[in-house]
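Notes to accompany the following structure.
Every read-out reported here was derived from the displayed coordinates using simple, explicitly stated rules and does not represent laboratory data. This one's a predicted model, so the numbers in the text were calculated from it and none came from an experiment.
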Amino acid sequence: MKVVWRILGLAVLAGVGFLIVRAVRQYRQDSVFQPSPEAGVTPASEGGQKRGISPELLEILADPLDKGPVELMTDATGKEWLVNRRNGYRYPVEDGIPIMLIEEGEKNKDESLIAS
């Protein structure tokens, strides 16, 4: 009977260890899209400064119209935009969240941004 209890105890210990490892992996995976601290960006709740887009998220974002890459730009007023230089569409970024709707791109189209 002692052997059964020892085996059961080891199984419970292994299960708890597995759950801890899984929780740590999930936390790391979820924090990939958080803005990096070296970029000087802090959440609005901590200092009033607005959040930026993380480099990992910027890599996977694409223009919804032509599915090509976009680049992050800041205008003279400090507002951030995701710009598609192939068609001049620019999409606003509000508090670190890109608004990637075709209607928004059409509304904010800027012919001077089109690359030759």
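A compact table of results
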| read-out | value |
| --- | --- |
| Value of relative contact order over region 47-116, rounded to a whole percent, pairs C-alpha under 8 Å and six or more apart | 25 percent |
| Equivalent ellipsoid, region 51-113 (semi-axes from 5 times Cα gyration tensor eigenvalues, Å) | 16, 14, 10 |
| Gain on full stretching of the segment that runs from Ala62 to Asp75 - 0.36 nm per residue minus C-alpha separation | 2.7 nm |
| Relative contact order of region 76-116, defined on C-alpha pairs under 8 angstrom at six or more residues apart (%) | 40 percent |
